[in-house]
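The values are calculated or read from the model by the stated rules, or taken from the named source; none is laboratory data. As the structure is a prediction and not an experimental result, all values here were calculated from the model. Positions of Cβ are backbone-derived with ideal geometry, glycine not excepted, and every protein chain shown enters the neighbour counts.
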Amino acid sequence: MASPAHDGKRLDLASAALGTRLRIVGARLDAADAAWLAAVGLHEGEEVVVLRRAIAAGPLHVRTGSGGEFAVARELAVRLDVLVIEGAP
């Protein structure tokens, strides 16, 4: 399995490039938001790919490593810290 690579800075999910494999490494969420995201498979350690972004401040369409696809509000995505997975396209 590939290990995460980064330049010493965490990237938030909302600013990640489309199509890049990422690993969630942290979250700055209240308990309710954290519980909802965990219930749909977006938790620390999970791999995700941003498939699409809605215009302006709309949601992101993401796919988890287990194959689930979800729309994530931009205001939640900016609070999910991710790292690019080394060797991923």
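Out of L60, L37, one residue alone is in contact with a His (Cβ under 8 Å, 6 or more places away or on another chain) and within 14 Å of A77 (Cβ to Cβ). It is L37.
Got a number for residues in the stretch 15-24 being in contact with a Pro (Cβ under 9 Å, 6 or more places away or on another chain), crowded, with 16+ Cβ neighbours inside 10 Å and not basic (K, R)?
To start, the set of residues in the stretch 15-24 that are in contact with a Pro (Cβ under 9 Å, 6 or more places away or on another chain) comprises 19-23.
Now restrict to residues that are crowded, with 16+ Cβ neighbours inside 10 Å: 21-23.
Now restrict to residues that are not basic (K, R): 22.
Residues in the stretch 15-24 being in contact with a Pro (Cβ under 9 Å, 6 or more places away or on another chain), crowded, with 16+ Cβ neighbours inside 10 Å and not basic (K, R): 1 in total.
For the stretch 27-35, does any single residue satisfy the condition of being in a loop (DSSP other than H, G, I, E, B), in contact with an Asp or Glu (Cβ under 9 Å, 6 or more places away or on another chain) and in contact (Cβ under 8 Å) with a residue 40 or more places away in the chain? Yes: one or more hits. Selection of the stretch 6-26 for residues being without any contact (Cβ under 8 Å) to a residue 60 or more places away in the chain and in a loop (DSSP other than H, G, I, E, B) yields D7, G8, K9, A17, L18.
Scanning the stretch 36-69 for residues that are closer than 15 Å to L80 by Cα, surrounded by 12 or more Cβ atoms within 10 Å (Cβ to Cβ) and out of contact with any strand residue (DSSP E or B) (no Cβ under 6 Å at 6 or more places or on another chain) yields a count of 5. Looking across the stretch 59-89, just one residue is over 19 Å from V25 (Cβ atoms) and modelled with pLDDT under 90, and that is P89.
Residue under question is R79, and the condition is that it be surrounded by 15 or more Cβ atoms within 10 Å (Cβ to Cβ), in contact (Cβ under 8 Å) with a residue 12 or more places away in the chain and either on the phi > 0 side of the Ramachandran plot or out of contact with any Ser or Thr (no Cβ under 8 Å at 6 or more places or on another chain) (or both); does it hold? Yes; evaluated as a whole, the condition is true for this residue.
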